[in-house]
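As structure tokens, the structure follows; a few thoughts come after it.
The values are calculated or read from the model by the stated rules, or taken from the named source; none is laboratory data. Small disclaimer: the values here were computed from a predicted structure and weren't measured. For neighbour counting, all protein chains shown are included, and Cβ atoms are generated from backbone atoms with ideal geometry for every residue, glycine included.
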């Protein structure tokens, strides 16, 4: 039945292979030799695993698991946990697979090939979970592998088979060195990737820090500007000097033009920024008078400064300057609006000095 099981598997008849696998398990269950029963099940499971026949591999492995107890020889316990770890790893249960490997190492003799196979499997599983742990496991595997090969070399030194074994050992060592080089290269690639990621993260953090510092400076500058305009407003309210008359007719016309342009922009900036009307501007700034006309609030004095035809002959330019300073003392202005109003101050002041 074992031969039939393998034959059907070789022909790709997985269903029939599974059927004969179950028949083999049933036949073995009739054996009185429990140890031999377990050995056969484990060997069949190992063979099917090597043939990538997961279904039959699982059947033999589970059948062996049902028989294993505290009386099972350590070597068979180690072989079972080695196969169990491979099964768990194939089913993406990496943590459980590592636990099975550790159990296998407890039972496996340090001088056996199975011990080396368990350590190699541990390294391969750890590679997907923790590269550092994988490297450590590969190093442990290499150390035990070399010790095992050395022990084999010494024990067979005086026999004819020693020459053949020595060649095999040398070949294994070369293969292990190549494998170790491949793993080292893989670890180096992962290290480079980690360093690149760290560098990119540092660059992002540096950019964010520079951006934060720049915004902080801009905020400090804005607060200084607001404080300056508040101080200017307080200074003008404290001095209350009478308006100087501008005698030059062309200078007076230019002053009127600047005052009207400044008030138009000031009212527009106020309304767009605060979403309130010029009545609120007059009330909050305390520069302009608000009157009631037929039950409606009006700002007649402010309205005169919104038109060249209505502006007084001797305009109160201080009221316009104080209004602009009041608006500039608000912290919600856009930079473009702030620059525009400050330019109006720069145009008006030379006309009255």
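Overview of values
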read-out: Every residue from region 316-339 that is within 22 Å of residue 275 (Cβ to Cβ) and more than 40 Å from the chain's Cα centre (by Cα); value: 323, 324, 325, 326, 327, 328, 329, 339
read-out: Unique residue being touching a helix residue (DSSP H, G or I) at 6+ places or on another chain (Cβ under 9 Å), modelled with pLDDT under 60 and more than 13 Å from residue 318 (Cα to Cα) when the list is 230, 252, 241; value: 230
read-out: Test: residue in region 69-77 that is farther than 24 Å from residue 180 by Cα, part of a loop (DSSP other than H, G, I, E, B), touching a helix residue (DSSP H, G or I) at 6+ places or on another chain (Cβ under 7 Å) and at pLDDT 85 or above; value: yes
read-out: Per-region count, region 131-169, residues within 21 Å of residue 189 (Cα to Cα) and at pLDDT below 80; value: 3
